[in-house]
Number of protein chains: 2
Amino acid sequence: MINKNYLKLPGSYLFATIGRKVNEFTQANPDKSIIRLGIGDVSLPLAPAIVNAIHEAADEMGKAETFHGYPDYEGCDFLREAIIANDYKTRGVDLGMDEIFVNDGAKCDSADLGQIFSKDVKVAVCDPVYPVYVDSNAMAGRAGDYQEDKQYWSNLIYMPCTQENGFAPEIPSERPDVIYLCFPNNPTGATIKKDQLQKWVDYANEVGAVIIFDAAYEAYISEDDVPHSIYECEGAKKCAIEMRSFSKNAGFTGMRLGFTVVPKELERDGVSLNWMWLKHQETSFNGVSYVVQKAGAAVYTPEGKQQTTQQVAYYMKNAKYIREGLLKAGFEASGGVNAPYVWLKTPNGMTSWEFFDYLLENANVVGTPGSGFGPHGEGFFRLTGFGNYENTVEAIRRIQNL
Amino acid sequence: MINKNYLKLPGSYLFATIGRKVNEFTQANPDKSIIRLGIGDVSLPLAPAIVNAIHEAADEMGKAETFHGYPDYEGCDFLREAIIANDYKTRGVDLGMDEIFVNDGAKCDSADLGQIFSKDVKVAVCDPVYPVYVDSNAMAGRAGDYQEDKQYWSNLIYMPCTQENGFAPEIPSERPDVIYLCFPNNPTGATIKKDQLQKWVDYANEVGAVIIFDAAYEAYISEDDVPHSIYECEGAKKCAIEMRSFSKNAGFTGMRLGFTVVPKELERDGVSLNWMWLKHQETSFNGVSYVVQKAGAAVYTPEGKQQTTQQVAYYMKNAKYIREGLLKAGFEASGGVNAPYVWLKTPNGMTSWEFFDYLLENANVVGTPGSGFGPHGEGFFRLTGFGNYENTVEAIRRIQNL
């Protein structure tokens, strides 16, 4: 009577495993000072404009005249208006209020969006990839069986992202129904230009596939001609769902806020996917805390923008330091230009987990093993710019002295 | 390629339909003062102890030393400790930290718990019933087809709750795999005594079924011998999952906080359901906002307890007023003793939706049509004690003058 697909999952969720390993090391070595450049968690406190908004929301919730009960399933109007005006209108993208679905963090929708598709859709993922896309599809029975030796799920289409193709996947030979893309990419830190993304949109429209586009890191784009939204590409509203997060652009990892865009033009089998996602949210969700949505709206105020832009710049300074420090130490490293992630090749043929242990034990630095993101991540390792600057400098010093 | 089960859903989600109807009426009649005793939303502002906790959490999030990033998937330790000590230990129930899963409102887990079961489990629900249990199973393909004429899903086991059985379901003749029970009940306001619930536990253990027990309204229990938790019954840890909510006992409808208990002793097909739910949460969820969890912990402080107990008493005074006012006006009404809901029989053979329109147009009072909760809800209507006292008195005055 249980969902047997759960039993197919290999081992533990990547970041849970890392957490357990670090806890064990800390308990065995209480005197060591660990520097965490692993999990993509932020380290700067919430910006003052956001803290003020939480205080205001608390006061509103404490008075009968301004108290807020059940939030709208789709999100508060004030937040969706700010999203449309600031994240899309400024880039020439017109979206309606009912095309935005506010959520409690992009991870939930990353996992749940699969529910609007049938059990037998063919799913394509980048390799390496954010594990949630794969695991959620595996748990829903879409991934087939896990092949321990190859570290592959039998029924997924893998799109390798390698040093050779600059970590930009090629269009697969087998036709997928659903394609997960994430640019700027987690974990590689790579991204693609607008004309490259346009090719994916054209392909999806040609074969009737749906692209689930994860744009959680768009605030880190520093180069021109890199799209911030997939809807900057022509025809994308007919084939793409876009996910955004407040976790990284505004430090909301502990606040839990994101949103998903499902355009009204997006139909499959003659059915509006916008309607389907609304049904999903109405049934399985009850909106995001008013306090958190007020905090989210503060990100779009002049003070909020100025303060969160500074935070992003701070993390990108770290990422640059990591990338350049690794190159100086003789590592092969990429990323860190349009994304807070630096992707490095493990030295001396070490596996990703061997390098994880080596780094933890000898430099007391925590990173993320590339193999945790898929078989083509093997032999690579992810470091993030989300630490504080002094710790980042110290971590690189330790790595350079290994 | 879409999940066709979505297309089987009849019409709109109940409360969304009510919302649309009320909006239409308000726009057409801007001069009328509507009193909402329909959706189970609270009206009192958050208690001062909770507002203070939000302020404190905001300040913590604004300082580097006390900032909190990604929360634990299972919930913050301080909140789970408070839950175990206050909600369970006091009633003689011992639970471990890893048996509590904090969530962003019980509705999400009500819908998502089905994911740990296979697609072909047989599900039993009360009739009438909270729609989320039914709709989420229908969307997962477990409910069969909706039969418009009978208002039944072909593959669910319905357990009628009628005036004749005192709105307490009888054990079904067909064996279910999963049984949803909600006591104190939404929508009928009825509940069952401990010896009656023990029979359900014994039955589930005998046939190997799992009970999903929704205890969202336990704070409203006023009579002795009514169980606050299913784990007060012997053997329940071997067959029951329990859901709790902060929405109604502390006015958190706009804050979004609840939790689910999955005991470690609960196994099916030789697999721990606690392990399965942890897998689900690790993959599809990233924890609840730190600010909201701090607010939740404040409910368990001496001030928080005293203030929220007063709020519950306030709503129960309303419920009593509704129940007695309706009886005085010649209605048949029950509930309102161990639950904030009053369940009344529609007069003159009106259908539930006829009475909804009649009440909206003639008394400008919004209630909830019983038929929205299932076929045996037809001819009934739900009013709630969650309004403010003056409005509740005025609503009953208007109803008595109809």
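Since every read-out is calculated from the coordinates, none of them should be taken as a lab result. It should be emphasised that the depicted structure is a prediction, and the values quoted were computed from it without experimental measurement. Virtual Cβ from ideal backbone geometry, glycine too; neighbours counted across all protein chains shown.
A few comments on the model shown:
- Restricted to Cα atoms, the protein assembly as shown shows a radius of gyration and a Dmax of 26.5, 87 angstrom.
- Three-way shape label, the stretch B:189-263, alpha-carbon gyration tensor, a/c 1.5: oblate
- Ordered by the count of other Cβ atoms within 10 Å of each Cβ, fewest first, A:200, A:275 give A:275, A:200.
- Residue-averaged 222 nm ellipticity for chain B, from DSSP H runs of 4+ at -39500 (n - 2.57), nearest 500: -10500 deg cm²/dmol
- Fewest-first sequence of A:380, A:331 by Cβ atoms within 10 Å of each Cβ: A:331, A:380
- Using θ = phi - 60° and Karplus 6.51 cos²θ - 1.76 cosθ + 1.60, couplings along the stretch B:41-58 (whole Hz; Gly, Pro as x): 8, 7, 10, 6, x, 4, 5, x, 4, 6, 4, 4, 5, 5, 4, 4, 5, 4
- Take residue B:4, move 7 Å from Cα toward the beta carbon, and the resulting point lies 2.4 nm from the same point in each other copy, nearest first.
- Test item: Cα-centred dipole of the protein assembly as shown, Lys/Arg +1 and Asp/Glu -1 on Cβ, debye: 340
- Calculated Rg and Dmax of chain B using C-alpha coordinates, Å: 21.0, 66
- Alpha-carbon gyration tensor eigenvalues x 5, square-rooted, for the stretch B:290-402, Å: 31, 16, 12
- Once both labels are positioned 7 Å from their Cα atoms along Cα-to-Cβ, the gap between residue A:145 and residue A:8 label points is 1.0 nm.
- Amide H to amide H distances under 5 Å link residue A:2 with B:118, where only residues 5 or more positions off or on other chains count and H is placed in the peptide plane.
- Likely footprinting exposure, B:74, B:265, fewest C-beta neighbours within 10 Å first: B:265, B:74
- Long-range HN-HN contacts of residue A:211 with modeled amide H, under 5 Å: A:179, A:240, A:241
- Spacing of the modelled spin labels on residue B:28 and residue A:357, each 7 Å from Cα toward Cβ, amounts to 7.2 nm.
- Computed from the C-alpha gyration tensor, the three semi-axes of the ellipsoid equivalent to the stretch B:3-57 are 32, 23, 9 Å, from longest to shortest.
- Three semi-axes of the equivalent ellipsoid, the stretch B:1-145, Cα gyration tensor, whole Å, largest first: 34, 28, 17
- R0 of 30 Å, Cβ-Cβ distance residue B:98-residue B:301: FRET efficiency to nearest 0.05: 0.80
- Over 29 Å apart at the Cα level, from the set A:122/B:150; A:248/B:279; B:122/B:279, are A:122/B:150.
- Ascending list, in nanometres, of distances separating the residue A:349 label from those of the other copies (7 Å, Cα toward Cβ): 8.9
- Shielding value for A:115-124 is 3, the average number of Cβ atoms from other chains within 10 Å of each residue's Cβ.
- Computed from phi, the 3J(HN,Hα) profile of the stretch A:152-164 under the Karplus parametrisation 6.51, -1.76, 1.60 (θ = phi - 60°) reads 10, 8, 5, 10, 9, 9, 9, 10, x, 10, 10, 4, 5 Hz, with x in place of Gly and Pro.
- All Cα-Cα distances of the stretch B:244-351, cut into 5 Å bins from zero to the largest, leave 2, 10, 13, 14, 12, 12, 12, 11, 8, 5, 1, 0 percent in each bin in turn.
- Quotient of Cα Rg and 2.2 N^0.38 Å for the stretch B:111-181, N being how many residues it contains: 1.07
- Taking amide H as placed 1.01 Å from N in the peptide plane, residue A:380 has its amide H under 5 Å from the amide H of A:346, A:352, A:370, A:371, each at least 5 places away in sequence or on another chain.
- Each of A:235, A:250, A:266 was placed along the dipole of the stretch A:221-269 (beta-carbon charges, centred on the mean Cα), and the one lying farthest toward the positive end is A:250.
- Within the stretch B:133-166: backbone nitrogen closer than 14 Å to the residue B:332 label point (7 Å, Cα to C-beta): B:161-166
- Point-to-point label distance, residue A:222-residue A:78, nm (Cα→Cβ direction, 7 Å offset): 3.5
- Between the stretch A:288-338 and the stretch B:124-183, the alpha-carbon center distance in angstrom: 49
- Label-point spacing for residue A:24 across the identical copies (point 7 Å from Cα in the Cβ direction), in nm and ascending order: 6.1.
- Since only A:298, A:375, A:364 are under comparison, the one whose Cα sits farthest along the positive direction of the charge dipole of the stretch A:254-377, derived from C-beta charges on Lys, Arg, Asp and Glu, is A:298.
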